[in-house]
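Please treat every number below as a calculation from the coordinates, not as lab data. If you're wondering where the values come from, they're calculated on a predicted model, not measured in any experiment. All Cβ positions, glycine included, derive from the backbone under ideal geometry; neighbour counts span all protein chains shown.
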Amino acid sequence: MVEQGNLKNRLIELNMGPQHPSTHGVLRLKLTLDGETVKKVEPIIGYLHRNAEKICELDFYCDALIYFDRMDYVAAMNMEAGYLEAAEKLLGIEPPERVVWIRTIMAELSRIASHLVWAGAYGLDLGMLTPFFYVFEQREKILDLFTEISGSRQETNYMSIGGVYQDFNDKIVYLIREFLDQFPKKLEEVFNLFVKNDIFISRTKGIGILEPDVALQYGVTGPMLRASGVPYDVRKAQPYLAYDRVNFEVPISKRKDNYARVLVRFEEMRQSAKIIKQALDKLPDGPYFNPKAKKSLMVRLRGEGDFYARTESPKGEFGVYLVGDGTVKPYRVHVRSPAFKNLSVLPALAKDVLIADLVAISGTLDLVFGEVDR
Amino acid sequence: MNLLLRIATILSFLGHYPSYILGYLIETIIVIIFATVVIAGMVYIFRKYMARVQMRIGPNRVGKFGIMQVMADGLKLIQKESIMPKGRDDLAYKLAPILIFFGLIMGFIFIPYGPLAWFGDLTVSHSDVSLIIIFALIAIMPIGEILSGISSNNKYAVIGTLRGIAKDISFEVPMMLSILAIVMAASAKVSNPLDINGVVVAQSIPFAILEPLGFFVFIISMAARASYSPFDMGESDSELVTGNTTEYSGLRFGFFYLGLFGTIFLGSMMISTIYLGGYLGPFTNYMGFIWLLIKTLILVIISLTIWLSMPRVRIDKFINFGWKYLLPIAFVNLVIVGFLVLGGIA
C-alpha cells in the first residue's frame, strides 16, 4: 500500500530575472510554480530606476528632452514628440507647419523601429533565431536615417522646443522614400516567417486571452488594448501633430490572444509606412524653427499653469503632465508610461499557464524597461 | 581486407595477438579523433551556415575564413575557470559531462563506415548485435543529462531535466518500434539483421522508400534526441536559461556543447546508415565511406535549416504528439512492414 498522504503538493518559488534571457531588460518575475504550471506571477520592477522625472524638474524646459529619449529608448522620437506636445502648449510656443509634418514622419519611423525590435525579440522568446536578424536589418536602416538627420542612432535628441534640430533636405526625403520602397516586401517576409509556421500558431493562438473589460480596468493601452477589440488610439481619438490630416486605419482584432497582438503590431507597421508616404507628399515648405524659441532664448522660456498631453507611443498611451510655476524650470514632471500599465496586467493574464506560455505572453507586452522604471 | 588488418599487418613484428590488440586501440583512437574533428568541423559549418541564413558573415578573423575559430573557442573553454555551484552532488555533477561524451564517442565506434580505396573497410568494431549496442550506448547520454540537472542544485536545471525526461520517454518508444520494423525487414534478406552492417547490406532498396512512415518517426526521434529547436524545450534558453547545463562552465560545458553537435552528426549518420543505404552507392568498394559522408552532410544541413527556422514546441504538445501520433504511426509501420515481409516484397 502506498500512503498517498505523504505525497504533498509542494510549490516551488522561482525568481526569473532580473538577469534572465527572456525577461526583456531587467524585469524580475517572482513565480510560484506547481511543477510546470505557474500559480502566481509577481513582477518586481525598479532595477532601472534613474529618477528621470525628478531630474527633469531640476533642468530647463529644453533640457528635459534627453531624459525622455532615454525612457523608451527603442522609440526615442515618440518620447520627444510626447514631451513637446505638453511643453509647447505650456510655454505657448507654436511649432511651424513644416515641423509638425517632420515630427509626424519621425514619430512613425520610430514606431516602425520599435515594433521591429518587438518582432525580433518575440521570435527569440519562442526560440526562433532567424527573424531577429531580418528585422534588425530593417531597423538599422531606420537608425541610419536618424543618424543622417540628427547625428545619433538611438537617443536622437532631434526635436526641440518650437522646432527640430535640422531641416529635411532633398537627400533625407530621398533616403526615406528609398527605405519605404523596399520595406513592405521585407516586412511580409518576416510576417510570413511567423504566421505561416504551425508551431508559432500553436504557441500563440488561444493563449494569453485578455478580455477587454480586464484590459480597461488595468489601464492597458496601445496594441495590447486594440488586440482585445477596443478601437482606442490617441492618434484618432484626440489627434495631435498631423494625424488628423493623413489617411490611415487603426487595426483592431477580436481574437484577444497572443496571435491577435502579433497581427495588430504587424498591421500597425504597414499603416505607419502608409502615413509616412502621405506625410512626405504633403510636406509643406517653411521655417523649421519657431523664432521665439531660438537657441539663445531657449533657457529663458517660462511656463505657468499645468498641462497634460497624451500621445500614442508604440507601447500605448504616453502621457506627460507638466506643471510650471512661472520660472525657467518645470515645477513638476510626471509621465504616464504605457509599458508600466501593460506590465501590471501580467499577473491577471498569466494565471495557471505553463512556464513556456508565460514567456510567450510576457513577450507580447512589449516591455522596455527604460520606460517602466523611468 | 579492412583497416584493422592493414594496421595489424604493419605491426606484425610484435606477434599475432599484440599486433591485433594494438591495432584495435590505434583504430579506436583514430575514430575518436575523427569524431572530434568532424564535430569541430560541423560547428564551423553550422556557424557559417547560420550566418548566411541570417544575413551575417560569420566567423572570419581567426585563420583563413575563420576556420580556426572553433579551435580558439575550444581553447578558451579549456582555460576558463570551471565555476561550480554550492550544494552540488559532487560525483554526479562531475560524472555527467563525461557520460555524455562517452555515450557519444562510443556510438561512433560501431557505425559501419564502409570501404575507402586502399584502406579497406573502416569499421572499427563488428558485432552480431551492434544495432542494439549503438542504441544502448546512445541511451547513456540522457542519464548524463539527468545527472547534470539534479546534481547542480538549481531550479531551472531541475525543471529542464524533468522536461527532458518527459520528452525522452515520449519519443524513444516509437523510435525503438521503428527500429524493430527495420530488423524485421532486414531479417528477410540477411542472416544477421541485428548487425548494423547487415542492415546496410539488406538495403538493395533503401529502407526510407520501403518504410516511409518509420523513416519519418526515426527522423523526428533523432531530432528530439539531439534536442535542437523545435525540440529544445529541455534547455529552452528563453525560459529556463539553459536548462540542465545552467550551472556548467568551462570545459564541462564544452562537453555538453560537443554532445549537442555530436548527436546531430551521429543521428544523421545513423539515419543515413539505417534508412538511406549507408555506404552503398556507385563504386561502393572504392568510395563507400564518401557516400556515407555525403548522405550525412545533406541530412546535417537539413537539420540545421530546421533548427534555424522553427520556434520551440511546448513540452505538453510534444508529449501529446509523441504518444498520440508518433506511437500509432510506428505501430502502423510495423504492421505494414510485417505484411511486406510476408508477401516477400521486402
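Test of understanding: extend the Cα→C-beta vector of A:Glu249 to 7 Å, then name every residue of the stretch A:185-215 with backbone N under 15 Å from that spot. Label zone hits: none.
Candidates B:Thr36, B:Ala96, B:Ile138 compared by Cα position along the dipole of the protein assembly as shown: farthest toward the positive end lies B:Thr36, with charges placed on Cβ. Near A:Arg336, the amide H atoms lying under 5 Å from its own belong to A:Gly319, A:Val320, A:Tyr321; only residues 5 or more places off or on other chains count, and H is placed 1.01 Å from N. Cβ crowding within 10 Å, taken as a proxy for footprinting-reagent exposure, orders A:Val99, A:Val353 from fewest neighbours to most as A:Val353, A:Val99.
Are any of the pairs A:Lys141/A:Lys171; A:Lys294/A:Lys329; A:Lys351/B:Lys324; A:Lys39/B:Lys167 more than 25 Å apart by Cα-Cα distance, and if so, which? In this structure, A:Lys351/B:Lys324 exceed 25 Å between Cα atoms. Expressed as a whole percent, the proportion of Cα-Cα pairs in the protein assembly as shown lying more than 39 Å apart is 46%. For A:Arg139, B:Arg314, the sequence from fewest to most other C-beta atoms within 10 Å is A:Arg139, B:Arg314. Comparing A:Ser362, A:Ser160, A:Ser296 in a Gaussian network model of chain A, where Cα atoms under 10 Å apart are tied by springs, the biggest mean-square fluctuation is seen for A:Ser296. When the label point is put 7 Å from the Cα of A:Gln166 along its Cα-to-beta-carbon vector, which residues of the stretch A:40-73 have a backbone N closer than 12 Å? Answer for the stretch A:40-73: none. The residues packed around B:Thr263, meaning those with a beta-carbon under 13 Å from its beta-carbon, carry a net charge of -3 if Lys and Arg are +1 and Asp and Glu are -1. Between the stretch B:156-170 and the stretch A:52-110, the alpha-carbon centres lie 50 Å apart. Treating the Cα atoms of the stretch A:286-334 as identical point scatterers in vacuum, please give the log10 of the normalised Debye intensity I(q)/I(0) at q = 0.16, 0.26, 0.28 Å⁻¹, two decimals. With one equal scatterer per Cα and no solvent, log10 I(q)/I(0) is -0.64, -0.92, -0.93. Largest first, the extents of the alpha carbon coordinates of the stretch A:42-95 on the three principal axes equal 44, 24, 18 Å. Note on the stretch B:162-277: Rg/Rh from Cα positions, Kirkwood definition for Rh, rounded to two decimals, is 1.07. In order along the stretch B:271-279, phi translates into HN-Hα couplings of 4, 6, 6, 7, 10, 10, x, x, 7 Hz, rounded to whole numbers, per the Karplus curve 6.51 cos²θ - 1.76 cosθ + 1.60 with θ = phi - 60° and x for Gly and Pro. Each listed q (0.16 Å⁻¹) maps to a log10 I(q)/I(0) for the stretch A:101-177, found by the Debye formula over equal Cα scatterers with no solvent: -0.61. Over every Cα atom in the stretch B:85-342, the radius of gyration and the widest Cα-Cα span, Dmax, amount to 18.6, 60 Å. Overall size of the stretch B:46-185 from C-alpha positions, given as principal axis extents largest first: 48, 44, 30 Å. The calculated pair-distance distribution of the stretch A:40-158 uses every alpha carbon pair, bins of 5 angstrom beginning at 0, and gives 2, 10, 16, 19, 17, 15, 10, 6, 3, 1, 0 percent. Projected onto its three principal axes, the C-alpha set of chain A covers 90, 47, 33 Å, listed from the longest axis down. Rg and Dmax of the stretch B:123-173, both derived from C-alpha coordinates alone, stand at 14.4, 44 Å. Taking θ as phi - 60° and the Karplus parameters 6.51, -1.76 and 1.60, the scalar couplings of the stretch A:290-304 work out to 7, x, 5, 10, 5, 4, 5, 8, 4, 6, 9, 5, 10, x, 9 Hz in sequence order, x denoting glycine and proline.
Listed by Cβ neighbour count within 10 Å, with the fewest neighbours leading, B:Asp195, B:Asp89, A:Asp59 appear as B:Asp89, A:Asp59, B:Asp195. Size descriptors for the stretch B:1-90 (Cα atoms only): Rg and Dmax, in that order, 20.4, 59 Å. Annotation for A:Glu189 and A:Ile55: the two label points, set 7 Å from Cα along the Cα-Cβ direction, are 3.8 nm apart.
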